[in-house]
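A short reminder: the numbers here are calculations on the coordinates, not readings from a lab. No experiment lies behind these values; they were computed from the predicted model shown. Reconstructed Cβ throughout: ideal geometry from the backbone, glycine too, with neighbour counts over all protein chains shown.
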Ligand SMILES: *[C@@H]1O[C@H](CO)[C@@H](O)[C@H](O)[C@H]1NC(C)=O
Ligand SMILES: *[C@@H]1O[C@H](CO)[C@@H](O)[C@H](O)[C@H]1NC(C)=O
């Protein structure tokens, strides 16, 4: 009996290995296919929305443009191509980064969250340039200047945290999750201890701030009168930017409890059926397939792609096969949802991924960039 069981189990192991091998070779094929799909979306994004004379996307915004530039460079780093090589230096953001005398206070308009998306874009452009043997120093030094401006926006109101804007009217999750990320990732890049101190200071404050509710999801921000969670919307992107920040801090410190903390919010995103997913696919609370007065605005149309991008960054720094396995199916499923429900014949991507569009999916550079990054992230983990 024991022998039979042993034989049965080794037989099952052999079958499992066979199946896995089959799946693995399909996956490698899928990866290349997914990246080819991403290139079609990126080409159409540039053709349809990129304005060569302004270096900005028509109907784009500063912070969504920053994310889109980051996505294009993620794509080139993934494929090894140079398809969008000229865009960094000619873009509105890139030109500001190359100019040593840029007045960043004026350029950023007081938005401490927007500023940090720009830091992330400048670092990604620097990565691409370094990988191609080009000078990236202007991008790095501009990112450092912006970082210092943001670090000065920390004070003791509600016990700590960086203000959402230089008006000092609101402390919220995204600005502080970004500060965790820019501080921890900045330390990994520069080994400058000030960044690491800021990352630790930020996480100590953020975890005790009350902005993460009992479901594991971060709400938008704090009520300044009470310093309590204001109970406002749980956006998708908030749940992953904190995770990529925590994984960068893990990479700096080796503390795996930070990864477990990150997965609280990632898992809450995936588990909350009817809240942040539908049919296993990400759904922003404002995402509607059927015509209605309300819809996601331009900012909100890019959030889901940012969730996928920062899960990818989380997994890159967590550097653990079992953690990759835990999220790869979900990321792959986002790819399927986009291909089935959101991409049109011209390769624009609509904002609704979870079901077939019935007239309400939004078409914009933000929605296309969101879809683009989801494809790049899916390709990376498969
Ligand atoms: C580029 O932007 C400028 C300024 O907003 C606008 O006048 C022009 O029509 C845009 N060009 C294209 C090709 O969309
Ligand atoms: C470390 O980073 C801080 C904050 O960006 C900066 O003010 C300081 O000059 C840096 N120190 C060194 C040695 O580069």
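Observations
- Theoretical gain in end-to-end length, residue 134 to residue 225 [0.36 nm per residue, Cα-Cα removed]: 27.8 nm
- Exposure proxy for 167, 156, 113, 101: other Cβ atoms within 10 Å of each Cβ, ordered fewest to most, give 101, 156, 167, 113.
- Fewest-first sequence of 310, 73, 298, 347 by Cβ atoms within 10 Å of each Cβ: 298, 347, 73, 310
- Length gained on full extension, residue 32 to residue 104: 22.0 nm, using 0.36 nm per residue less the C-alpha separation.
- Extending 7 Å from the Cα toward the beta-carbon at both residue 264 and residue 319 defines two label points whose distance is 2.5 nm.
- With viscosity 1.567 mPa s and temperature 4 °C, the Kirkwood radius over alpha carbon pairs of segment 251-382 converts through Stokes-Einstein to a diffusion coefficient of 86 µm²/s.
- Kirkwood Rh, Cα atoms: Rg over Rh of the chain: 0.98
- Global geometry of segment 96-247, whether rounded, prolate or oblate, following the gyration tensor of its Cα atoms and the 1.5 cut on a/c: prolate
- Separation in nanometres of the label points that stand 7 Å from Cα toward Cβ, at residue 190 and residue 292: 4.4 nm
- Label positions at residue 271 and residue 145, each projected 7 Å from the Cα along the C-beta direction, are separated by 4.6 nm.
- Potential extension, residue 197-residue 54 segment - 0.36 nm per residue separation minus Cα distance: 47.6 nm
- Ranked by how many other Cβ atoms sit within 10 Å of their own Cβ, fewest first, the residues 123, 353, 154 fall in the order 154, 123, 353.
- Rounded to the nearest 0.05, the FRET efficiency derived from the C-beta distance between residue 356 and residue 77 at R0 = 41 Å is 0.80.
- Per-peptide average of other Cβ atoms within 10 Å, ordering 359-372, 31-44 highest first: 359-372, 31-44
- Cα centroid separation - segment 69-92 against segment 117-157, whole Å: 16 Å
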